[in-house]
Amino acid sequence: MNKILILTDHNIKEAIMAITKYYPNKIIVLTDNSYYYERNREKLASIFQWFINMEFKKVDFSNIVEIAKSFNNILNDVNNENSENKFIINFNTTDKSIIFGIMFSAYSNNKFIDSISFFDNNIHIRNSFDLPILSYNLSDIKKNILKYLIDENEKSMDYYEEKSVENIASVFNISKPMIYTHINQLRNMGFIEEKSLKLTTAAYIAIL
């Protein structure tokens with residue numbers, strides 16, 4: 001198994017602790033190339049790059065969905081090179097957008113994730129806490145319905161539900177009652193808004 005540790009360039013001490021804890025075969029440092037963390041990137045490279053494969057990947061940290069998309073693309077690119085990868089994610093940042101974006105994308109790719117952890121400064125800097133690796137548990141048909149609605153959302157579709165359900169039933173050759181069931185379940189999961197077929201932010205991440 002090829003262990004790949006993924007972290008950010010925000011906290012050099014916690015990054016070093018994660019690297020020495022997991023002894024990965026490869027390190028991927030997520031960064032927006034901010035000047036503020038340039039010294040952290042330089043120090044990580046000077047300490048580890050000579051004996052561990054280290055890559056710095058540019059990520060758009062502007063919002064949760066963009067972070068999730070960037071993280072998902074990185075996983076896909078790395079897995080195209082080697083399908084035996086297992087990813088270890090360590091959060092060495094307190095930025096909630098980064099944490100949630102990466103974590104939610106990891107849930108979409110949970111079969112590739114070996115562990116998710118963070119160091120809690122509020123208790124003791126050396127305490128590492130493991131987080132659960134969850135899954136959205138979306139069936140193929142639910143994913144297809146969400147993808148269809150995303151395409152229609154981008155076309156500024158008419159959100160009249162009855163008409164839309166008819167279209168979805170026709171596209172996927174499934175009865176209207178079954179489509180209503182899937183839509184209600186997706187609403188309960190937080191992927192579709194309550195009184196329309198507009199998608200929530202969570203839907204865009206869940207189908208990555």
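Just so you know, all these numbers are worked out from the coordinates, no wet-lab data involved. In this text the structure is predicted, and so the values were computed from the model without any measurement. Cβ sites come from the backbone with ideal geometry, for glycine too, and all protein chains shown count toward neighbours.
One residue is enough: does the stretch 22-31 have a residue meeting the conditions more than 14 Å from the chain's Cα centre (by Cα), part of a strand (DSSP E or B) and among the hydroxyl-bearing types (Ser, Thr, Tyr)?
Among the residues of the stretch 22-31, at least one is more than 14 Å from the chain's Cα centre (by Cα), part of a strand (DSSP E or B) and among the hydroxyl-bearing types (Ser, Thr, Tyr), which makes the answer yes.
Please go through the stretch 168-197 and give me each residue that is closer than 15 Å to ASP151 by Cα and either among the acidic types (Asp, Glu) or exposed (fewer than 14 other Cβ atoms within 10 Å of the Cβ) (or both), ordered by number.
Of everything in the stretch 168-197, just one residue is closer than 15 Å to ASP151 by Cα and either among the acidic types (Asp, Glu) or exposed (fewer than 14 other Cβ atoms within 10 Å of the Cβ) (or both), namely VAL171.
Among the residues that make up the stretch 43-59, is at least one of them of a type in the set (Ser, Thr, Tyr), out of contact with any strand residue (DSSP E or B) (no Cβ under 8 Å at 6 or more places or on another chain) and either free of Cβ contacts under 8 Å to residues at least 24 places away in the same chain or surrounded by 15 or more Cβ atoms within 10 Å (Cβ to Cβ) (or both)?
Taking every residue of the stretch 43-59 in turn, at least one turns out to be of a type in the set (Ser, Thr, Tyr), out of contact with any strand residue (DSSP E or B) (no Cβ under 8 Å at 6 or more places or on another chain) and either free of Cβ contacts under 8 Å to residues at least 24 places away in the same chain or surrounded by 15 or more Cβ atoms within 10 Å (Cβ to Cβ) (or both).
Could you list, in sequence order, all residues of the stretch 43-68 that are farther than 15 Å from LEU7 by Cα and part of a helix (DSSP H, G or I)?
Residues satisfying the conditions are SER46, ILE47, ILE64, VAL65, GLU66.
Could you tell me which numbered condition THR94 fails, if it satisfies all but one of (1) in contact with an Asp or Glu (Cβ under 9 Å, 6 or more places away or on another chain); (2) assigned to a loop (DSSP other than H, G, I, E, B); (3) of a type in the set (Val, Ile, Thr)?
(1)
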